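Structure record follows, encoded as structure tokens.
The values are calculated or read from the model by the stated rules, or taken from the named source; none is laboratory data. Computed from a predicted structure; not experimentally measured. Ideal geometry is used to build each Cβ from the backbone, glycine not excepted, and the neighbour counts take in all protein chains shown.
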Amino acid sequence: MRDEGFSYRRLVFLVLFFVGAAGSAIGFYITRGREPEDYALFALAVWFLYLANRIRRDPIERIALLTVRTVGVFLLYTVYLALLHLADEGLWPSLLWTAVIYPGVYVALPPEAAKRFLARYFALMVLVSTVAYLQVTRTHGFSLEHLNIHLQWLLSQTALLVLSTMIFEMGVRAARAEQAEREARTDPLTGLANRRRFLEAVESELRRSARSERFPAVLMVDVDGLKQVNDRHGHLAGDRLLTLVAAHLERETRAGDLPARIGGDEFAVLLYDCDPETARRVADRLCRAIARETLDGVPVSVSVGLAVARPGEDARGLIERADRALYQAKRSGGNLVVPAS
């Protein structure tokens, strides 16, 4: 099955190709090919249609790189012509589009590849602009006005390059910090919340419930026989068992509840705004669903301890009561739900 993110990006590029081809074709029709450079618009329209035809076959990274190269080359050509004719025709509106490439490259390419591309593009843009300015100077003579325009143009492009790079690097750093924070609160094997995030959530919910008088419940869940599975089938089988239990925790609990893995074979679930009867139904449903599973011919089951928060109770007391109920379920043979006294 194709990755949905890639499918979405392919669709975006396909739309851009058709829009670019249509815009270029319209531009060529309006100019009627009066000047040789007008045929660049016709070539661009054909090239965009060619890229649209390749989008199903090529990797999306290749499509993105071809796209930014195409736009970069066309903009450099536009810059050269616009600055070359500046003394005769004034500022071309098409120069306004040159700003698009700086953020556009960061959107289309990975950050490091975008920085390399923009460094080369900027160097070529300075070269092309300088060549155009020298030709204008040779044709019309030296002019402070032309020099001012040329310098202002280079400074504006430098500012766009620096600002876009700074903005996107800030975004990358923020995304990395967010990912690191998420990983610090997530169990790497199961993808569930880890012990730290679970304890923080319990403490937060108990503070909130003290004001609302709607109390949470905690399920402490222990996988029965994980050691036997590890000894008989190896630790990879044990990991599959833990992943299987985690999937059931997400599936059988209510939307909005927080399942977590807090130890080796120990899980927990925070049930928000939960009365004892609802908590017991959720725990029984979870226990029955897991008991229907087998792993490599070995029956799967869990033991569950259940505790509903009391007024004024802290997180440690609530979890300890659920833990004691869990140990009672284990001592009773497992595959059992025991509510705390």
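Specify the residue that is surrounded by the fewest Cβ atoms within 10 Å (Cβ to Cβ); the eligible residues are those in the stretch 89-139 that are small (Gly, Ala, Ser) and under 37 Å from the mean Cα position of the chain (by Cα). Give the derivation first.
As a first pass, look at the stretch 89-139 and keep what is small (Gly, Ala, Ser): 90, 94, 99, 104, 108, 113-114, 119, 123, 129, 132.
Keeping just the survivors that are under 37 Å from the mean Cα position of the chain (by Cα) gives 94, 99, 104, 108, 113-114, 119, 123.
Details: SER94: 14, ALA99: 14, GLY104: 17, ALA108: 23, ALA113: 16, ALA114: 22, ALA119: 12, ALA123: 10.
So, considering only residues that are small (Gly, Ala, Ser) and under 37 Å from the mean Cα position of the chain (by Cα), the one surrounded by the fewest Cβ atoms within 10 Å (Cβ to Cβ) is ALA123.
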Practice task
Look at the stretch 261-305 and say how many of its residues are more than 18 Å from GLY191 (Cβ to Cβ), among the acidic types (Asp, Glu) and outside any helix (DSSP H, G or I).
Solution key: 4
Problem - Long-range neighbours under 9 Å by Cβ, at least six apart or interchain, first residue without any contact (Cβ under 8 Å) to a residue 60 or more places away in the chain within the stretch 267-288, second aliphatic (A, V, I, L, M) and assigned to a helix (DSSP H, G or I) - result: VAL269/LEU249; VAL269/VAL282; VAL269/ALA283; VAL269/LEU286; LEU271/ALA279; LEU271/VAL282; LEU271/ALA283; CYS274/VAL282
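Just one of PHE168, PHE215 is within 30 Å of PRO110 (Cβ to Cβ), buried (at least 17 other Cβ atoms within 10 Å of the Cβ), in contact (Cβ under 8 Å) with a residue 40 or more places away in the chain and in contact with a Pro (Cβ under 9 Å, 6 or more places away or on another chain); which is it? So that I can check it myself, show each step before the final result.
On the way: PHE215 fails: within 30 Å of PRO110 (Cβ to Cβ).
Sole residue among the options that is within 30 Å of PRO110 (Cβ to Cβ), buried (at least 17 other Cβ atoms within 10 Å of the Cβ), in contact (Cβ under 8 Å) with a residue 40 or more places away in the chain and in contact with a Pro (Cβ under 9 Å, 6 or more places away or on another chain): PHE168.
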Exercise for the section: Quickly run through the stretch 326-341 and pick out the residues that are at pLDDT 90 or above and more than 20 Å from VAL300 (Cα to Cα). Expected result: PRO339, ALA340
Problem - THR165 at pLDDT below 90, outside the structural domain of ASP275 (by TED's automatic domain parsing), of a type in the set (S, T, N, Q) and in a helix (DSSP H, G or I) - result: yes
Fill in the blank from the handout: Checked against (1) over 28 Å from the mean Cα position of the chain (by Cα); (2) at pLDDT 85 or above; (3) of a type outside the set (Lys, Arg), SER143 satisfies every condition except (2)
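Could you tell me whether the stretch 14-36 includes any residue that is in contact with a Gly (Cβ under 7 Å, 6 or more places away or on another chain) and part of a helix (DSSP H, G or I)? Steps first, please.
Taking the stretch 14-36 and keeping what is in contact with a Gly (Cβ under 7 Å, 6 or more places away or on another chain), we get none.
Within the stretch 14-36, not a single residue is in contact with a Gly (Cβ under 7 Å, 6 or more places away or on another chain) and part of a helix (DSSP H, G or I).
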Handout entry: Lone qualifier among ALA246, ALA237 - being touching a Lys or Arg at 6+ places or on another chain (Cβ under 7 Å), among the small types (Gly, Ala, Ser) and not in a loop (DSSP other than H, G, I, E, B)
Key = ALA246
